[in-house]
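Data block below; observations after.
Each reported figure results from applying straightforward, stated rules to the coordinates on display, with no laboratory input. From a predicted model like this one, the values you see are computed outputs, not experimental measurements. Every residue, glycine as well, gets a Cβ built from its backbone with ideal geometry; the counts of neighbours run over all protein chains shown.
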Amino acid sequence: MQAEIVVLPGDGIGPEVTRAALRVLRAVGERYGHRFTTHEHLIGGAAIDATGEPLPAATLDACRKADAVLLGAVGGPQWSDPQAKVRPEQGLLAIRKALGLYANLRPVKPHPAALGASPIKPHLLNGVDLLVVRELTGGIYFGDKTRGDGIASDLCTYTVAEIERVVRRACQLARQRRGHVTSVDKANVLETSRLWRETATRIARDEFPDVTLEHQLVDSMAMHLLAKPREYDVIVTENMFGDILTDEASMLAGSLGLLPSASLGEGQIGIYEPIHGSAPDIAGRGIANPYATILSVAMLLRHSLGLEDEAKCVELAVSRALDDGQFTGDLAAGRPAIGTDAAATAVIRQLQVECHAVE
Ligand code: NAD
Ligand code: IPM
Ligand code: MN
């Protein structure tokens, strides 16, 4: 097949991890006889420096025409002045919104070889396989923001339609898994959460009688996620709760550098990115973990290009690289560590051994 992929490296370690992941994508193309054409565009701080805007019109146009978008990360201390008029993160929020990507899929499946990097006891981690579906284009992130003299506010709003579509997506995904959805809210305090709970209950009852739905308050969810992570299948939640819970969930896998994501809407186009940020503390040193971005490439192959075999093959290759002890510093826990490019090379080597393309 032929596919056009827009690449948005962004800031900090973004360019390092996307470069590594693109090497893997190219290897998949060669192995399976696909032509993946990639075009790089600006977003975030790099775009502000070059054009004054975090999401230049040329970038958005290119994304609209592409089959899929691979993104690194945006942000960094040089653009974080509280008084700044424009911020890198605005570019990311704007592109998610503009492309209508309301469902952010963040799978968490700890790998046995990486358990040593997790602060959680290994017996709690065996068999963990959960998927967080984070609402991505609503809630407090997108409500009116005001700043007055000695006062500030961020409005949190959800419509029934926004809740319905993301809960529906979560239930559909649960059907392909273990058929269980946990909806997370703060319905004991927030009106948006009460609407969320009411809507989730109705959608599950009327449209997904084969799926079981339970509700959990977000504060106790943060605790249960570490105490009994194996019990969760699909977790669906609003934008900010999903953001926070997934960084927490990354510790089940051992590192933020292991969790990929797919941001999807109704169409075929999606944005694929690691859940981590630009990691300014390690940027420019060639030591960032590229596995989350490589696993995001697998999600791109699956969800935007319909290439399930190729997606599985990338996931298997990452898994084999970890089995083989190919750890970046964040995973090493006292063992020898390799750099970003060496990790990509390890995955490509495993691809060549494990993945048998149809000639
Ligand atoms: P971060 O995710 O960038 O980093 C948190 C910690 O995890 C750091 O110690 C970092 O070194 C480590 N880490 C993250 N990714 C890693 C990887 N691939 N390999 C090894 N270690 C890794 O979060 P932060 O420090 O809170 O934020 C830094 C900047 O990133 C901020 O400007 C923030 O807005 C931005 N950010 C962007 C995105 C995105 O673009 N999707 C996501 C989160 C944060
Ligand atoms: C993420 C990030 C973003 C978010 C920021 C950078 C806007 O933390 O993708 O998880 O909060 O959605
Ligand atoms: Mn985040």
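Structural remarks
- Straight Cα distances below 17 angstrom link Lys85 to the lysines Lys145, with same-chain residues fewer than 8 positions distant left out.
- Contact order for segment 119-253, expressed relative to its length and based on alpha carbon pairs under 8 Å spaced 6+ residues apart, stands at 39 percent.
- Note that segment 119-253 shows a convex hull volume over its alpha carbon atoms of 111 Å³ per residue.
- P(r) histogram, all alpha-carbon pairs of the chain included - 20 Å bins from 0, percent: 30, 60, 10, 0
- The value of relative contact order for segment 180-331, using C-alpha pairs under 8 Å at least six residues apart, is 18 percent.
- Residue (of Thr137, His111, Gly242) at the positive-pole extreme of the chain, dipole from beta-carbon charges: His111
- Taking the helices alone, the chain has a mean residue ellipticity at 222 nm of -13500 deg cm²/dmol, built from -39,500 (n - 2.57) per DSSP H run of at least 4 residues and averaged over all its residues.
- Solution diffusion estimate, µm²/s, Stokes-Einstein, segment 32-74, Kirkwood Rh from C-alpha pairs, 25 °C, viscosity 0.890 mPa s: 215 µm²/s
- Modelled this way, with points 7 Å down the Cα-to-C-beta line, the labels at Arg64 and His215 are 4.0 nm from one another.
- For the listed peptides 249-257, 66-74, 94-102, 329-337, a ranking on the average number of other beta carbons within 10 Å per residue, highest first, reads 66-74, 249-257, 94-102, 329-337.
- Using C-alpha pairs below 8 Å separated by at least 6 residues, the relative contact order for the chain is 22 percent.
- Over segment 61-199, volume per residue of the alpha carbon convex hull, in Å³: 210 Å³
- Normalised convex hull volume, segment 210-359, alpha-carbon set, Å³ per residue: 163 Å³
- Equivalent-ellipsoid semi-axes of segment 1-43, from the Cα gyration tensor, Å, largest first: 21, 12, 4
- Cα-only Debye scattering, segment 27-106: base-10 log of I(q)/I(0) at q = 0.11, 0.27 Å⁻¹: -0.35, -1.30
- Ranked Trp196, Trp79, criterion: other C-beta atoms within 10 Å, fewest first: Trp79, Trp196
- Entries in Lys109/Lys186; Lys228/Lys312; Lys109/Lys228 that, when Cα-Cα distance is taken, lie over 20 Å: Lys109/Lys186; Lys228/Lys312
- DSSP beta bridge pairing in segment 119-253, given as percent antiparallel to the nearest 5: 20 percent
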